[in-house]
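Just so it is clear, none of the values below were taken in a lab; they were calculated from the coordinates. Not measured: the values here are computed from a predicted model. When we count neighbours, we look across all protein chains shown, and the Cβ atoms used for this are built from the backbone with ideal geometry, even at glycine.
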Amino acid sequence: MANTLGIVKPDGVRRKLVGNIMGRIENVGLILRGLKVVRLEKEEARKFYAVHEGKPFFNSLIEFMTSGPIVVMVIGGHDSIERWRDLMGATDPAKARYNTIRREFGTSVEKNVVHGSDSPVTARAEVAFFFKDDEILPKE
Ligand code: DAT
Ligand code: MG
């Protein structure tokens, strides 16, 4: 029952997709345990995406992720990591399955609307990046 981190990226917030995305999370029985709207500083974004430092798309990704507010979510429930990534779809919207968030709303590999942690280790670290323990609803 581990929690995972979800982000609605600046393109999703700008295009008013937050409600739609949260609806999808609730509709499959995942649980919102934490929620906030934040605007990342460049340094914070570089730290969050440190694993991608040095890649050709890194600077552009940082520019994009700091271009406007984002919504960060702690998502819980059984298999939350995998199920949230299933809702998101593949990184490249053109290759994502139908009915996924990225397929429906993504406009490029970079502007792909949402983020999701990819393993229990990264989920733990990414949730802690944005949320203190007392900002997360405990499991029932
Ligand atoms: P994911 O977000 O599906 O976990 P990732 O961790 O490989 O994908 O990459 C993180 C983000 O970086 C991704 O959501 C968008 C951007 N990105 C990845 N590969 C890219 C590429 N080839 N060109 C542009 N942006 C890319
Ligand atoms: Mg990733």
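General observations
- Residue pairs, from the table Lys47/Lys132; Lys42/Lys139; Lys55/Lys132; Lys47/Lys111; Lys16/Lys47, whose Cα atoms sit over 22 Å apart: Lys42/Lys139; Lys55/Lys132; Lys16/Lys47
- Average Cα contact separation per residue, region 4-131, under 8 Å, 6 or more apart, as relative contact order %: 37 percent
- Spatial extent of region 4-131: Rg and Dmax, with the Cα atoms as the point set, Å: 13.4, 38
- Dipole of the chain [Lys/Arg +1, Asp/Glu -1 at C-beta], most positive-end residue of Val113, His78, Asn3: Val113
- Subtracting the Cα-Cα distance of Val37 and Leu137 from 0.36 nm times their residue separation leaves 34.3 nm of extension gain.
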